[in-house]
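The values are calculated or read from the model by the stated rules, or taken from the named source; none is laboratory data. The structure presented is a predicted model; accordingly, all values stated were derived computationally and were not measured. Cβ placement follows ideal geometry from the backbone for every residue including glycine, while neighbour counts extend to all protein chains displayed.
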Amino acid sequence: MPYTYDSQNIFAKILRGEIPNSTVYESEHTLAFKDIAPSAPVHVLIIPKGPYVSFDHFSAEASDAEIVDFTRSVNEVCKISGVRMDAGNGFRAIANTGRDGVQDVPHFHLHILGGRSMGRMVTKTA
């Protein structure tokens, strides 16, 4: 399946300022904001500002500057949120992709969840 970006998705609208958000951190290529329906005490979404559908799309087509900026932004968000290993008890980073990954918004985003034990990531099924 080709990477077809929908410019009307909710994150694109947030990036254009059409929908408000609770910004946690912003850099040249990245925006991080609180999830409106948090699944943990800390639940921040980190998105690249470019039109990328998924993590594989981002890693294949983003510039080196965008990739470095995004990766460094993860550190900043974890530091601000108090979940970085040197200041807290850790976190979970999740990027849902496609139908099998249960991706709700077709814009690459990384969930940072923390502030409590997250339990096992996936249960094994037959």
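Number of residues in region 45-95 that are among the small types (Gly, Ala, Ser), surrounded by 17 or more Cβ atoms within 10 Å (Cβ to Cβ), within 21 Å of residue 13 (Cβ to Cβ) and in contact with a strand residue (DSSP E or B) (Cβ under 7 Å, 6 or more places away or on another chain): the value is 2. Could we say that residue 69 is outside any loop (DSSP other than H, G, I, E, B) and at negative phi here? Criteria met by residue 69. Taking region 100-126 as the range and being farther than 14 Å from residue 39 by Cα and either among the acidic types (Asp, Glu) or under 17 Å from the mean Cα position of the chain (by Cα) (or both) as the test, the residues that pass are 100, 101, 102, 103, 104, 105, 106, 107, 108, 109. When each of 88, 101 is tested for being under 19 Å from residue 25 (Cα atoms), of a type outside the set (A, V, I, L, M) and in a loop (DSSP other than H, G, I, E, B), the lone residue that passes is 88. Within region 89-100, residues that are within 13 Å of residue 41 (Cα to Cα) have Cβ atoms under 6 Å from residues that are exposed (fewer than 15 other Cβ atoms within 10 Å of the Cβ) and modelled with pLDDT under 95 in these pairs: 92/118, counting only partners at least 6 apart in sequence or on another chain.
Close Cβ contacts (under 7 Å, 6 or more residues apart or on different chains) running from residues in region 19-41 that are more than 16 Å from residue 92 (Cβ to Cβ) and in contact (Cβ under 8 Å) with a residue 40 or more places away in the chain to residues that are among the aliphatic types (A, V, I, L, M) and surrounded by fewer than 19 Cβ atoms within 10 Å (Cβ to Cβ) comprise 24/80; 25/80; 29/65.
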